[in-house]
Amino acid sequence: MSFRCEHLSKSFAMRDGFVQALDDVTFSVGEREFVSIVGPSGCGKTTLLKLIAGLLRPSAGSVVPSAAPDDGRPASALVFQEHGLFPWMTVLENVAFGLETRGVGRSERHERAMTFISSVGLAPFAHAWPHQLSVGMRQRVGIGRAFVTDPRLLLLDEPLGSLDAQTRFLLQEELLRLWTRSRSAVVYVTHDIEEAVVLGDRVLVLTGRPGRIQGEITVPLGRPRKLEYAVDEKVTALKWQIWKMLEEEARRSLALSTREPVSSVEEPVP
Amino acid sequence: MSGGNARPRRGAGAWPAFLVIAVLLGLWETWARTSDSASILFPAPSVIAAVLVRELRSGALVRTVGATLGRLASGLALGGVPALLLGLTMGFSPRVRAAVDPLVAAAHAIPKIAVLPILMILLGLGEAPKIAVVAAAAFFPLLISTMSGVRHISPIHFEVAHGYGASAPRVFWRVLVPGSLPQILSGVRLAFNAALLITIALEIVAARTGLGATIWLAWQTMRVEELYASLAVTSFLGVGFNAILAFAGRRLVPWHSTPEI
Ligand SMILES: Nc1ncnc2c1ncn2[C@@H]1O[C@H](COP(=O)(O)OP(=O)(O)OP(=O)(O)O)[C@@H](O)[C@H]1O
Ligand SMILES: [Mg+2]
């Protein structure tokens with residue numbers, strides 16, 4: 001097992017009271033397992049990843065890492081929703097940053113970063129600044145920064161969310177290739193149900209805020225995955241099943257946002 | 001890959017500016033030479049240039065500029081270093097900012113030259129009170145720019161650094177400093193310009209050396225061409241320093257697609 005979340009809850013203090021983002025979330029992720037998480041917007045997915053990464057403290061419950069040998073691998077690496085590349089570092093320095101903080105010497109970290117950069121075909125851009133890259137390239141650099149640290153757990157927060165369909169498709173493939181070669185378990189947050197199914201070994205479905213685990217689906221597809229699975233009947237059936245779980249919440253939030261102005265129009269005008 | 005030259009040519013914008021200046025100087029020259037009344041208040045550029053050459057030969061110009069630059073540089077250093085440190089701290093810590101901000105706002109609004117008499121009583125009639133005033137003038141623009149530079153760093157960059165377990169010194173050197181550098185550099189420029197203005201002003205009222213003193217002496221003795229010569233040198237100092245800063249900015253902030261300086 002890679003790690004376990006036990007009865008994890010998180011509330012944020014606001015000016016007028018509290019917002020509860022997560023409520024009693026319990027699940028575990030195995031060694032080298034790929035777990036997808038889907039849920040309505042604002043249900044606490046990013047919060048969950050930050051809790052697992054240790055960037056936030058849980059209000060209740062705990063994140064239990066596996067009893068791993070101390071071999072110098074970082075427990076986790078988080079790729080943010082907005083890639084979060086440092087604009088003042090070149091592609092190479094950005095990718096090497098996770099090694100830099102771990103005290104890896106300059107020449108070694110640049111070598112390891114360069115190997116990764118070459119393996120995803122970005123070698124010509126190693127010394128470019130992030131603003132000179134396309135959005136897709138930036139996302140790959142952000143993912144690369146996490147991969148080169150060889151973490152036990154890779155936390156990805158909608159890493160392909162802002163991309164067009166074709167680029168997204170290609171990068172899903174690349175991501176699977178990188179993950180297969182790595183030794184990391186992955187927690188992959190996405191709003192795309194199909195992506196969750198095609199990439200994951202399991203899909204966790206969260207409810208609307210506060211996020212709770214509504215259901216868990218094991219994906220009966222083999223590895224290595226090919227993206228042709230996207231048109232597989234099994235995938236279509238699973239997509240439908242997950243959509244049914246999310247539908248009610250989705251409709252409710254849609255209704256909330258469309259009905260409010262209408263009711264104010266219906267106020268009698270004196 | 002031949003033909004299409006999409007990259008804009010460097011310095012393509014400089015020629016029109018030179019042309020405008022040359023034409024204006026030419027018009028001025030002609031006017032001053034043809035009109036007696038004009039030449040009294042607006043001596044011809046060639047006359048001003050002759051004064052500059054004469055003062056350069058005699059060494060007077062170097063002494064004068066040296067005195068001004070001495071005050072300017074000491075004031076910039078004395079005001080700039082604390083401004084940087086306090087600005088970084090205030091940008092980073094909301095608590096320090098809340099504590100110090102009202103004081104900064106109040107002190108910033110005071111015309112620094114107005115404090116000179118008090119400082120002269122406290123620090124004597126020598127260079128110390130003058131440098132203190134220049135330091136105060138340089139302090140505030142740099143403080144405010146530095147603070148806002150830090151505050152404009154996206155929180156995600158700090159989160160990423162923490163996520164990768166960066167130590168406090170590494171966050172400082174790899175996130176805080178480079179992230180605020182563009183605004184720090186424009187703060188340095190503002191500080192220089194404020195310090196130059198105040199140096200000239202206090203030399204006019206309270207010094208026997210420097211460009212300000214020369215300007216005032218020239219005016220009182222109605223040597224208008226010398227006054228203009230000093231003004232021209234002051235303007236050169238400003239243009240020169242700003243050019244140096246723009247160059248340094250391109251070197252220090254190479255990641256900026258459009259340098260702020
Ligand atoms: N630092 C914070 N302070 C206060 N409230 C917060 C904070 N971070 C998140 N929240 C709130 O917690 C809830 C969950 O936020 P979170 O970003 O985890 O959602 P999400 O599922 O990632 O949404 P999305 O799909 O839009 O990215 C939201 O209501 C949000 O407003
Ligand atoms: Mg999110």
**Prompt:** Roughly how big is the protein assembly as shown's charge dipole about its Cα centre, with Cβ charges of +1 (Lys, Arg) and -1 (Asp, Glu), in debye to the nearest 20?
**Reply:** 1320
**Message:** Quick check on chain A: of the DSSP beta bridges with both residues there, what percent are antiparallel, nearest 5%?
**Reply:** 50
**Message:** How much accessible area per residue does chain B have, counting only protein heavy atoms and a probe of 1.4 Å, in square angstrom?
**Reply:** 57
**Fill in**
Using alpha-carbon positions, the gyration tensor of chain A gives root eigenvalues a ≥ b ≥ c; with a/c under 1.5 called rounded, otherwise prolate if a/b exceeds b/c, else oblate, the class is prolate
**Complete:** At the level of C-alpha centres, the distance separating the stretch A:79-119 and the stretch B:207-261, in angstrom, is 43
**Prompt:** Along the positive direction of the dipole of the stretch B:44-255 (beta-carbon charges: Lys, Arg +1; Asp, Glu -1; about the Cα centre), which of B:168, B:231, B:94 reaches farthest?
**Reply:** B:168
**Candidates A:125, A:116, A:80: whichever shows maximal mean-square fluctuation once chain A is modelled as a Gaussian network with Cα springs under 10 Å** = A:125
**Request:** Report the accessible area of residue B:217, computed with a 1.4 Å probe over the heavy atoms of all protein chains in place, in Å² rounded to the nearest 10.
**Result:** 100
**Asked** Which semi-axis lengths, in whole Å and largest first, follow from the square roots of five times the eigenvalues of the Cα gyration tensor of the stretch A:45-120?
**Response** 27, 17, 10
**Prompt:** So what is the relative contact order of chain B, in percent, for Cα pairs below 8 Å that sit 6 or more residues apart?
**Reply:** 21
**Item:** Given charges at beta-carbon only (K, R positive; D, E negative), |dipole| of the stretch B:98-219 in Debye
**Value:** 140
**Shape call, the stretch A:157-224: gyration tensor on alpha carbons, a/c limit 1.5** = oblate
**Prompt:** Any idea what Rg and Dmax come out to for the stretch A:16-145 if you just take the C-alpha atoms, in Å?
**Reply:** 17.3, 51
**Item:** Point-charge dipole on Cβ atoms (K/R +1, D/E -1) for chain A, about Cα centre, debye to 20
**Value:** 600
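How much length would be gained if the chain were fully extended between residue B:122 and residue B:14, taking 0.36 nm per residue of separation minus their Cα-Cα distance, in nm to one decimal? Please report the intermediate quantities before stating the final value.
Values: separation 108, 0.36 × 108 = 38.88 nm, distance 4.79 nm.
Length gained between residue B:122 and residue B:14: 34.1 nm.
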**Asked** Expressed as a rounded percentage, what relative contact order does chain A have, with Cα pairs under 8 Å and six or more residues apart?
**Response** 25
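Please give the contour-minus-distance gain from residue B:114 to residue B:242: 0.36 nm per residue of separation, less the Cα-Cα distance, rounded to one decimal in nm. Provide the component values of the computation, followed by the final result.
Working: separation 128, 0.36 × 128 = 46.08 nm, distance 2.69 nm.
Extra length available between residue B:114 and residue B:242 comes to 43.4 nm.
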**Fill in**
Between the modelled labels at residue B:21 and residue A:216 (7 Å from Cα along Cα→Cβ) the distance in nm is 7.3
**Message:** Can you tally the lysine pairs in the protein assembly as shown where the Cα-Cα distance is under 18 Å and the two residues are eight or more apart, or on different chains?
**Reply:** 6
**Request:** Give me the angle, in degrees from 0 to 90, between the Cα long axis of helix A:91-100 and the longest principal axis of the Cα atoms of chain A, rounded to the nearest 10.
**Result:** 90
**0 to 90° range, to nearest 10: angle between helix B:60-92 axis and chain B longest Cα axis** = 20
**Request:** Choose one answer from A:77, A:128, A:13: the residue with the largest mean-square fluctuation in a GNM of chain A with alpha-carbon springs under 10 Å.
**Result:** A:13
**Asked** Taking Cα atoms of the protein assembly as shown, Rg/Rh with Kirkwood Rh, to two decimals?
**Response** 1.13
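Write down the accessible area per residue of chain A in Å², having rolled a 1.4 Å probe over the full set of protein chains.
Each residue of chain A exposes 48 Å² on average to a 1.4 Å probe.
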**Asked** In nm, what is the difference between 0.36 nm times the number of residues separating residue B:217 and residue B:95 and their Cα-Cα distance?
**Response** 39.0 nm
**Item:** Space enclosed by the convex hull of the alpha-carbon atoms of the stretch B:44-255, per residue, Å³
**Value:** 141
**Request:** Ignore the peptide's own chain and count Cβ atoms of other chains within 10 Å of each Cβ in B:152-165; give me the average, rounded.
**Result:** 6
**Asked** What distance in nm separates the simple spin-label points at residue A:250 and residue A:181, each placed 7 Å from Cα in the Cβ direction?
**Response** 3.5
**Message:** What do you get for the angle between helix B:177-206 and the principal long axis of chain B? Use alpha-carbon atoms, 0 to 90 degrees, nearest ten.
**Reply:** 30
**Prompt:** Can you pull the mean other chain C-beta count within 10 Å for peptide A:77-87?
**Reply:** 5
**Asked** In the Gaussian network model of chain B, springs joining C-alpha atoms below 10 Å, which of B:109, B:17, B:166 carries the largest mean-square fluctuation?
**Response** B:17
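The values are calculated or read from the model by the stated rules, or taken from the named source; none is laboratory data. Computed from a predicted structure; not experimentally measured. No Cβ is skipped: glycine too gets one built from the backbone with ideal geometry, and neighbour counts run over all protein chains shown. Surface areas here come from the heavy atoms of the whole protein model, side chains and all, with no ligands, DNA or RNA. Shrake-Rupley method; radii C 1.70, N 1.55, O 1.52, S 1.80 Å.
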